[in-house]
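Okay, structure first, notes after.
The numbers here are math on the coordinates, done by the rules we state, and not lab data. Nothing here was measured: the structure is a model prediction, and the numbers come from that model. Glycine also receives a Cβ, built like all others from the backbone with ideal geometry; neighbour counts cover every protein chain displayed.
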């Protein structure tokens, strides 16, 4: 899909018909095409949405803006130049002044813990989880329907990994990287269902490492969000290969590296999956100084 094709489709969206959303689509397109600097674009977007925020809409119009940006990541995320521009736009938005109400207080969404507009990019993390990297479960789809989700997931993962490296706000990308690695490589590749899941989830897991391996290793070295044995911290089920809790650690880094190496030679997997697993294993060796 081209940038123009994405923008044309977005303009036709049922929930994108307000002047504010149409203006945002025009602005996003200009940024992605390299025709508008991110700081200028951020100001344009803010000028469109701030009057709505100050009126106190029950449903935040900014969630729709984030949804459009997430859609870009699913459609065009494989293009790293486009993704860099997209992230630059989010970084510029997060630098904007807080949006204040009539009493001079920073405006927050209904879910106040999400932060304030614009510095915290409130609600973006939720929209990214639900509408960028979220996919329908295998149990609900036939094999062809399941497989059609792979490209969009991989595109959005590329965006997420690049954001983990160059994004300015903490919007949960370290959490998403951990979940992706858990889903992709912390299970065996033996049964038919496990092989189907590996085809979907190993390439995104490897993509986090290939793009953000150094950052992930840094998180492991400082035990980021480590929860050894905390209630609910470990997935339920005998198939999971890591039973020591959630979060990052050097022990888990070692497991991930060995699992990528094992998957690279596993029986029953497509060559493309084994090849990207081998690349991820080599990148981890490079990052932690083993080669």
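Overview of results
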quantity	calculated
Translational diffusion coefficient (Stokes-Einstein; Kirkwood radius from C-alpha pairs) of segment 180-230 at 10 °C, 1.306 mPa s, in µm²/s	131 µm²/s
Neighbour-count order for 209, 31, 165, 116, fewest beta carbons within 10 angstrom listed first	165, 116, 31, 209
Acute angle (nearest 10 degrees) that the helix 271-287 long axis makes with the longest principal axis of the chain, alpha-carbon atoms	80 degrees
Using distinct alpha-carbon pairs, which all enter the 1/r mean, Kirkwood radius of segment 172-287 in Å	14.0 Å
On Cα atoms only, tilt of 19-32 relative to the major axis of the chain in degrees	50 degrees
Proxy reagent accessibility, fewest Cβ within 10 Å first, across 117, 131, 49	131, 49, 117
Where only alpha carbons of the chain are counted, the Rg and the Dmax (Å)	20.1, 64
Spin-label pair residue 40/residue 96, simplified geometry with 7 Å Cα→Cβ offset, distance in nm	1.7 nm
Fewest-first ranking of 282, 249, using other Cβ atoms within 10 Å as the exposure measure	282, 249
Length released on extending from residue 33 to residue 227, taking residue separation times 0.36 nm less the Cα-Cα span	65.6 nm
Sorted largest first, extent of segment 1-67 alpha carbons per principal axis (Å)	35, 28, 16
Computed [θ] at 222 nm, helices only, for the chain once each DSSP H run of length n ≥ 4 contributes -39500 (n - 2.57)	-19500 deg cm²/dmol
Rg/Rh (Cα only; Kirkwood hydrodynamic radius) as it applies to segment 92-200	1.10
Order by protection proxy (mean Cβ within 10 Å, highest first), peptides 77-89, 61-73	61-73, 77-89
Linear extension gain, residue 110 paired with residue 55, 0.36 nm per residue minus alpha-carbon span	18.4 nm
Acute angle (nearest 10 degrees) that the helix 80-94 long axis makes with the longest principal axis of the chain, alpha-carbon atoms	50 degrees
Modelled label reach - residue 261, point 7 Å along Cα→Cβ, segment 173-206 residues with backbone N closer than 20 Å	181-182, 184-190, 202-203, 205-206
Rg in Å to one decimal, and Dmax rounded to a whole Å, for segment 3-130 via C-alpha atoms	13.9, 44
